[in-house]
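Report on one structure; see the data block that follows.
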Amino acid sequence: MKLARVFAIVLFVATTAGFARADMPSADAFIGKLADRALALVTDRTTDMPAKRESFDRLLSETFDMEGIGRFLLGRYWRLATPEEREAYLKAFNENIVYTYTARFDEYSGQKLVVDNSREDGQFTMVASRIVDPKGTPDVRVDWRIIRQGDSYKVVDVVIEGVSMSVTQRQEYASVIQSNGGQVQALIKALNDRMERLKSSGS
C-alpha cells in the first residue's frame, strides 16, 4: 500500500477487543482511545460529511499537536515566515489534513490496530503498534511518537514501517518552497490550490 493510504488507515482503525486492560500504561491507552474514536467517526452512517469533517478536525486538535507538527514541517522557513504567513500556512495545513483524510474514509475495510508496548524516548514516549488486516496481508508496523501535555498526550509523529510521516512531509514542503525561490507563500498557495481541487471534486 502507498504510504499516504496506510497513514489514512492508521487514523481509522480500532484497537482489538483485548486492549483495555487495567495494567496497560496510559500512553498505550491514549493511542487505543484515539483509534477507537476515529473508527466510530468513520463507520458512522448517520452523519453527513461536513459534520464528520468538523468532528475529525476536533479529534485532531485534541490528540495531535497540530501547531507543533506544522512548525516542524516548515523547518527553517518557519523563522523566515512573517506572522501573517505563519497563520495562513497553519490554517491551510490543517484544512488539507482534514479534507485529505476524510476523503479516504471509505478506504477502511476492517483493519485492527494492535498496541504492543511503549517505551520512553527522551522527552517523548514511543508506542509500538501494528495494523492487522482481516484479508491476511502482512502486518504493518506503526510507531506513535507522543509527548505529554498536561494530564494527557499529543501525537507529534507517526512512523510507518520505519518511515516518519513528519520527516517525509517536511521534505516535500521544503521542495515546494525551494522550487519557488524560498518563498513560503508558494507553499501556502500550493496547499490552498490543493484544497480547491479537493472541494471541487466533491471530496
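The values are calculated or read from the model by the stated rules, or taken from the named source; none is laboratory data. Model, not experiment: these values are computed from the prediction. Note that we place each Cβ from the backbone using ideal geometry, even for glycine, and neighbour counts take in every protein chain shown.
Annotations for the structure displayed:
- For ILE69, the conditions (1) surrounded by fewer than 18 Cβ atoms within 10 Å (Cβ to Cβ); (2) under 28 Å from GLU196 (Cβ atoms); (3) modelled with pLDDT of 95 or more are fulfilled apart from (1).
- GLU95 vs. criteria surrounded by 12 or more Cβ atoms within 10 Å (Cβ to Cβ) and not polar (S, T, N, Q): yes
- Looking across VAL184, VAL159, one residue alone is among the aliphatic types (A, V, I, L, M) and within 17 Å of the chain's Cα centre (by Cα). It is VAL159.
- Selected residue (only one of LEU74, LEU113, LEU90, LEU59 is under 17 Å from the mean Cα position of the chain (by Cα), surrounded by 14 or more Cβ atoms within 10 Å (Cβ to Cβ) and more than 27 Å from LEU187 (Cβ to Cβ)): LEU113
- Filtering ASP157, ASP151, ASP143 for residues that are surrounded by fewer than 12 Cβ atoms within 10 Å (Cβ to Cβ), among the acidic types (Asp, Glu) and within 21 Å of LEU59 (Cβ to Cβ) leaves a single hit, ASP151.
- Matching option when the condition is basic (Lys, Arg), more than 30 Å from GLN178 (Cα to Cα) and not in a loop (DSSP other than H, G, I, E, B), among ARG58, ARG86, ARG45, ARG71: ARG58
- Scanning region 5-54 for residues that are among the small types (Gly, Ala, Ser), surrounded by fewer than 18 Cβ atoms within 10 Å (Cβ to Cβ), modelled with pLDDT under 90 and more than 13 Å from PHE105 (Cα to Cα) returns ALA17, GLY18, ALA20, ALA22, SER26.
- The set of residues in region 116-126 being more than 16 Å from GLY68 (Cβ to Cβ), in contact with a helix residue (DSSP H, G or I) (Cβ under 8 Å, 6 or more places away or on another chain) and either surrounded by 18 or more Cβ atoms within 10 Å (Cβ to Cβ) or free of Cβ contacts under 8 Å to residues at least 60 places away in the same chain (or both) consists of SER118 alone.
- In region 162-181, the residues that are in a helix (DSSP H, G or I), surrounded by fewer than 19 Cβ atoms within 10 Å (Cβ to Cβ) and more than 18 Å from the chain's Cα centre (by Cα): ALA174, SER175, VAL176, GLN178
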